[in-house]
Each structure stands twice: as C-alpha cells, then as structure tokens.
Amino acid sequence: MPLRWQEVAVPLFVIVSLIVLKYIPFTAGLPLARAAGVVAFGYAAFLALRLVQSEEAVSVDGWSELRPSMVEYFACYGAAALAVVLMSAIIVIGGTKHVEAAQMIATFIASVMLGAGALAIGLGGLFTRVRWNNTLLEHRSALGRETKIAWSDVRAVRPNWRGVTIATHDAQRVTFSQFHSGAAQLAIHATNRARRNAETSTKAFATL
C-alpha cells in the first residue's frame, strides 16, 4: 500500500515542532535536538521497513489472512523499549542527582506517551486477526470480539487515521491497519466488491 500523506506529514510536523520549541525560553533547557534526532532516525527506519512490506496476504486453508508487518513490530516493541528506558532513567538518575523539574516532567510525559502508543499499536495491530474468503470477511479484535461481514453487504471502503474501514449497509464496520502485510490486497478487494454491490443496487432500482 503506498504511503499516505499522514505518514509523511506527522513525522515532519513533530520534528519541526521540536526544533521550534528548542528556541523557546521555557523549553530551551530540554534535550529537544536529541529528541528530534531520535524521531528522524525512527522515521528513516519506518520508511525502510515500509518498502519491504508485503502486498500479498497469507493463504491458509482457503482463507486469505493479514499478518503484522515489520513496521508494526518495530513501532510497538521499539516504543515500549524506549518508554522503559526513559522511565528507568527517571527512577535511577532522579534518585542519585539533581535534575531540573522541567526535564523530569518532559521525560515522564514522553515515557507515558510512548507506552500508550505501544499499547495502542499492539491492541490495534499485532494482536488482531483479519481474514477473508470469497463470501465472508472476519475480524477478531485483541480482546476477542468477532465481527463477520458478508461481501454482498459491503457499502464503502474509507481510509482513516486508524487504517482502512470497511462499512456495510447495516452500519457494521471492520477497521484494519494499513501496515499489515496484505492490507493493500484486502483494500483493493473490498473496494471492488463495494463498487460491484453499488452497481447491482443501481441496476435493481432501475428495473423497478
């Protein structure tokens, strides 16, 4: 699946924001330049892994199935590891020598945000299951909730911040990550079925 504008705009916005904050007196003492470097390195790794993301789903017993990609593993476990490192630094360094309160607070906030991001990626990507065959789309969330959608009921396919959402006429929805291996194949298949269903409905309405 090709890069979307959000995947380019968000990292650039974060890096520019960190550079601007470096020149504001209230935040000038924070290691923002170092943080911008970490973000830039992480984004470079993201782009490299994005290039090797598989476009094809895995075939298992007559089903096509999405699988987490290296992008998601890197983002989830990398963010979790960095959160642990930052929190450990707060505990160890904060207990041995004096550190400015602003730096401690900023480090704590960054650690919490990274931990929350890792949890969100895990729940929304790594531990979900999405598979489909010629008649049915199945989605199982990380918490065990199952959603089944018949292809004949698909009405629309829409990209959003969470990934790609497949919606039906009766308001059922399945959202999957665009970073899954095979996500592009599923998006194309769902779009074709939605267009075919719309054409069938239009022809049926015209014959009434």
### Task
Considering the options Pro11, Val154, Ala36, tell which one lies farthest towards the positive end of the dipole of the chain, charges being +1 on Lys and Arg and -1 on Asp and Glu at the Cβ, about the Cα centre.
Val154
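Round to the nearest 0.05 the FRET efficiency obtained for Val52 and Asp170 when R0 = 25 Å and r is the Cβ-Cβ distance.
So, using R0 = 25 Å, E works out to roughly 0.05.
For Cα pairs less than 8 Å apart in space and 6+ apart in sequence, what is the mean separation divided by the residue count of the stretch 6-64, i.e. the relative contact order in percent? Spell out each step's value before the answer.
Numbers: 25 pairs, mean separation 15.7, N = 59.
Relative contact order of the stretch 6-64: 27 percent.
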### Query
Can you work out ³J(HN,Hα) from phi for every residue in the stretch 117-130, in order, using Karplus 6.51 cos²θ - 1.76 cosθ + 1.60 and θ = phi - 60°, giving whole Hz and x for Gly and Pro?
x, 4, 5, 5, 5, x, 5, x, x, 5, 10, 9, 10, 10
### Query
HN-Hα J couplings of the stretch 26-31 from phi, Karplus 6.51/-1.76/1.60, θ = phi - 60°, integer Hz, Gly and Pro as x?
5, 10, 5, x, 7, x
### Using a Förster distance of 45 Å, the FRET efficiency for Ala81-Glu199 (Cβ separation, nearest 0.05)
0.35
### Summary
Scoring the stretch 88-208 by relative contact order with C-alpha pairs under 8 Å, at least six apart, yields a percentage of 15
### Summary
Reviewing (i) 1.10; (ii) 0.98; (iii) 1.07, the figure for Rg/Rh (Cα atoms, Kirkwood Rh) actually calculated from this model sits under (i)
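What relative contact order, as a whole-number percentage, does the chain give when Cα pairs under 8 Å and 6 or more residues apart are counted? All intermediate terms of the calculation are to be shown ahead of the outcome.
Values: 269 pairs, mean separation 41.9, N = 208.
Computed over the chain, the figure is 20 percent.
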### Query
Going through the stretch 26-131, which GluC sites (Glu not before Pro) have at most 13 other Cβ atoms within 10 Å and a DSSP loop state?
Glu55, Glu56, Glu100
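Work out the length of the dipole vector of the chain about its Cα centre, built from +1 on the beta-carbon of each Lys and Arg and -1 on the beta-carbon of each Asp and Glu, and round it to the nearest 20 debye.
My answer is approximately 280 debye.
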### Distance between the stretch 7-59 and the stretch 140-194 - C-alpha centres, whole angstrom
28
### Message
Restricting to DSSP loop positions (anything but H, G, I, E, B) with no more than 13 other Cβ atoms inside 10 Å of their own Cβ, which chymotrypsin sites (Phe, Trp or Tyr not before Pro) remain in the stretch 142-208?
### Response
Trp161
### Task
Please name which of Thr168, His139, Ala184 has its Cα lying farthest along the dipole of the stretch 136-208 towards the positive end, using unit charges on Cβ (Lys, Arg +1; Asp, Glu -1) and the Cα centre as origin.
Ala184
### Query
What residues have an amide H closer than 5 Å to that of Leu136, excluding those fewer than 5 places away on the same chain, when H is modeled at 1.01 Å from N in the peptide plane?
Trp151
### Cα gyration tensor shape for the stretch 1-113, rounded if a/c is under 1.5, else prolate or oblate
oblate
### Task
Using a Gaussian network model of the chain whose springs link C-alpha atoms within less than 10 Å, name the residue from Gln53, Gln178, Gln103 with the highest mean-square fluctuation.
Gln103
#### Entry: ³J(HN,Hα) computed for each position of the stretch 51-66 - Karplus, 6.51 cos²θ - 1.76 cosθ + 1.60, integer Hz, glycine/proline x
5, 9, 5, 6, 8, 9, 7, 8, 8, 9, 6, x, 10, 9, 10, 7
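Laboratory data are not the source of any read-out in this text; all were calculated from the coordinates shown. Since we're looking at a predicted model, the values are computed, not measured. With ideal geometry, Cβ positions are generated from the backbone for all residues, glycine too; neighbour counts draw on all protein chains shown.
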